[in-house]
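Undergrad: Just passing along the structure, written as structure tokens.
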Amino acid sequence: MLFGLLVSSQVISLEEDRLASPTLAQSVPLIGGDQAWSRGYTGLGQHVAILDTGVDKTHVFLTGKVVSEACYSSNSPGDAASSVCPGGVTASTAVGSGVNCNVGVDGCTHGTHVAGITAGTGASFSGVAKDASLIAVQVFTRFEVSSGYC
């Protein structure tokens, strides 16, 4: 089958699909983000809500980006569930409530990662909507299991 593709006049090129980790510096141009920026579409004046594990608003890539925060989590002892909102409350819109959950727990940096892809700003590369503001909403709950958190 491969030989048939190689000799077909309808095939322009073939490229081996190898494992590789894309980086933000590569992915923004790949999706045309740099072209959108050149046309003035940078996210300026827009607010993007990140509903995830929370956002580390002190991260150098996100400094000054978070303009509003909230946390919604659950406390359900019967289900071994406990809130990861600051102070263990189940809902908060106070300053600091959208911070990421305990980074010692696997996955708790995901929201910060997503926020960086969305609106991060750096010297050599930036997120897709690099001039947008962020609304950080932490929506996860901690579940105790015999092997730790999940």
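Undergrad: With a 1.4 Å probe and every protein chain kept in, tell me what percent of the accessible surface of the chain is carbon plus sulfur.
TA: Working: 5550 of 9670 Å².
Within the chain, the accessible surface is 57 percent carbon and sulfur.
Undergrad: Still on this model: Can you give the accessible area of residue 57 in Å² (nearest 10), computed on protein heavy atoms with a 1.4 Å probe?
TA: Approximately 70 Å² for this residue.
Undergrad: Oh, and also: Per the Kirkwood definition applied to all pairs of different Cα atoms, how many angstroms is the hydrodynamic radius of the stretch 90-150?
TA: 13.3
Undergrad: Now for a separate question. Taking Cα atoms, how many degrees apart are the long axis of helix 110-119 and the longest axis of the chain, rounded to 10 and kept between 0 and 90?
TA: 60
Undergrad: Sticking with this one: Out of the chymotrypsin sites (Phe, Trp or Tyr not before Pro) in the stretch 19-77, which ones are loop residues according to DSSP with at most 15 other C-beta atoms within 10 Å?
TA: Filter output for the stretch 19-77: 41.
Undergrad: Helix-only mean residue ellipticity at 222 nm, the chain, DSSP H runs n ≥ 4 weighted -39,500 (n - 2.57), per residue, nearest 500. What is it?
TA: Working: 4 runs with 29 residues, N = 150.
Roughly -5000 deg cm²/dmol at 222 nm, from the helical runs in the chain.
Undergrad: So which GluC sites (Glu not before Pro) in the stretch 1-72 end up in coil per DSSP with only 10 or fewer other C-beta atoms within 10 Å?
TA: Listed in order of number, the matching sites are 15, 16.
Undergrad: How much net charge surrounds residue 133 when only the other residues with a Cβ under 14 Å from the Cβ of residue 133 are counted, with Lys and Arg +1 and Asp and Glu -1?
TA: Within the 14 Å Cβ shell, the charges total +1.
Undergrad: Explain nothing, just the number: relative contact order of the chain, from Cα pairs under 8 Å at least 6 residues apart, as a whole percent.
TA: Normalised by residue count, the contact order of the chain is 32 percent.
Undergrad: Rolling a 1.4 Å sphere over the protein heavy atoms, what is the accessible area per residue of the stretch 15-74, to the nearest Å²?
TA: Numbers: 4210 Å² over 60 residues.
Here the residues of the stretch 15-74 average 70 Å² of exposed surface.
Undergrad: Note the listed values [x] 16.9; [y] 17.7; [z] 15.7, then indicate which one is Kirkwood radius over Cα pairs in Å calculated from this particular structure.
TA: Recomputing Kirkwood radius over Cα pairs in Å here gives the entry labelled [y].
Undergrad: Separate question: Of 26, 127, 90, whose Cα points farthest to the positive end of the dipole of the chain (charges on the beta-carbon: +1 Lys, Arg; -1 Asp, Glu; origin at the Cα centre)?
TA: 127
Undergrad: Provide the percentage of antiparallel DSSP beta bridges, counting only those with both residues in the chain; round to the nearest 5.
TA: Counting only bridges with both partners in the chain, antiparallel ones make up about 45 percent.
Undergrad: State to the nearest 20 debye the size of the charge dipole of the chain about its Cα centre, where the only charges are +1 on K and R beta carbons and -1 on D and E beta carbons.
TA: Working: 6 positive and 11 negative charges, 73 e Å.
The dipole of the chain has a size of about 360 debye.
Undergrad: Another question, if that's okay. For the residue pair residue 103 and residue 63, what label-to-label distance in nm results when each label sits 7 Å from Cα along the Cα-to-beta-carbon direction?
TA: 1.6
Undergrad: Using only the alpha carbons of the stretch 1-45, what is the convex hull's orientation-averaged projected area in square nanometres?
TA: Values: hull surface 22.0 nm².
It is 5.5 nm².
The values are calculated or read from the model by the stated rules, or taken from the named source; none is laboratory data. All values reported here derive from a predicted model rather than from experimental measurement. Methodologically, a virtual Cβ is constructed for each residue, glycine included, from the backbone with ideal geometry; neighbour enumeration extends over all protein chains shown. Just so you know, the surface numbers come from the protein's heavy atoms only, side chains and all, with ligands and any DNA or RNA stripped out. Shrake-Rupley method; radii C 1.70, N 1.55, O 1.52, S 1.80 Å.
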